[in-house]
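Taking it in order: structure first as structure tokens, then the write-up.
The values are calculated or read from the model by the stated rules, or taken from the named source; none is laboratory data. No experiment lies behind these values; they were computed from the predicted model shown. With ideal geometry, Cβ positions are generated from the backbone for all residues, glycine too; neighbour counts draw on all protein chains shown. Surface areas here come from the heavy atoms of the whole protein model, side chains and all, with no ligands, DNA or RNA. Shrake-Rupley method; radii C 1.70, N 1.55, O 1.52, S 1.80 Å.
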Amino acid sequence: MSEENQIDEAVMALGKTEYAKCLTCHGATGGGVENLGPPLAPSEWVTGPAENLIRIQFRGLKGPIEVNGKTYEFPAGMWPVVGGSPDKNIAAVLTYVRNSFGNEASVVTPEMVAAHRGEMGKGQLTVADLIDPRKDMDKSGPKAEVPPSTLGAPTMGIIMTLVIVGLSVLAALRMKAVN
């Protein structure tokens, strides 16, 4: 793991625990299971756009998928697996998969998962519905994803400081006006 991609150990531990739901089809080492699920180790679909994995969690996946040059097709496809799982659990398992089994990719945040909650209940996806990971990568590897509607912690800290300062000034002016 690079220094740029430091992942909280607690997130990886939770992700490993959550991966127990994936073992049956993808195997304990992410190598896939004959007639059940394609390999996750290593996989351009796993290290590609995180949006793909998040959407698959909510909608499942049917039809053929090519992983590392080999085409896989499974009779029933993959059904949605997240059910009522909290966003942090989904983010943790996807972060775990993206950084295990020989994969290395950016973390998945609960905010990224929340941005795709509207996918739940829609029909299974096909590869055509996803972003082709081979087109989204350059020689440096996958791009880190930042949800468009999420402000970073430093930005939120600045905003909160400005709000507190503003309210303090208003309170001081009001006290001065009353006296």
Phi angles of segment 72-78, converted by Karplus (6.51 cos²θ - 1.76 cosθ + 1.60, θ = phi - 60°) into ³J(HN,Hα) in whole Hz with x for Gly and Pro, give 10, 9, 10, x, 9, x, 9
For M78, the residues 5 or more places away or on another chain with a placed amide H closer than 5 Å to its own amide H are L61, K62
Phi angles of segment 43-48, converted by Karplus (6.51 cos²θ - 1.76 cosθ + 1.60, θ = phi - 60°) into ³J(HN,Hα) in whole Hz with x for Gly and Pro, give 9, 5, 6, 6, 8, x
Fraction of alpha-carbon pairs in segment 1-118 farther than 16 Å apart, rounded to whole percent, equals 58 percent
For V108, the residues 5 or more places away or on another chain with a placed amide H closer than 5 Å to its own amide H are T95
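Given a Förster distance of 22 Å, report the FRET efficiency between E34 and V81 from their Cβ-Cβ distance, rounded to the nearest 0.05. Walk me through the numbers on the way to the answer.
Details: r = 19 Å, r/R0 = 0.88.
Result of the calculation: an efficiency of 0.70.
Report in % the part of the accessible area of segment 4-50 that belongs to carbon and sulfur, leaving out ligands and nucleic acids; probe 1.4 Å. Show your work: numbers first, answer last.
Working: 1410 of 2460 Å².
The C+S portion of the solvent-accessible surface of segment 4-50 is 57 percent.
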Scalar couplings 3J(HN,Hα) for segment 17-29 by Karplus 6.51 cos²θ - 1.76 cosθ + 1.60 (θ = phi - 60°), nearest whole Hz, x for Gly and Pro, are 5, 5, 4, 3, 6, 9, 3, 4, 9, 10, x, 5, 9
With the 1.4 Å probe rolled over protein heavy atoms, segment 1-115 has an accessible area per residue in Å² of 48 Å²
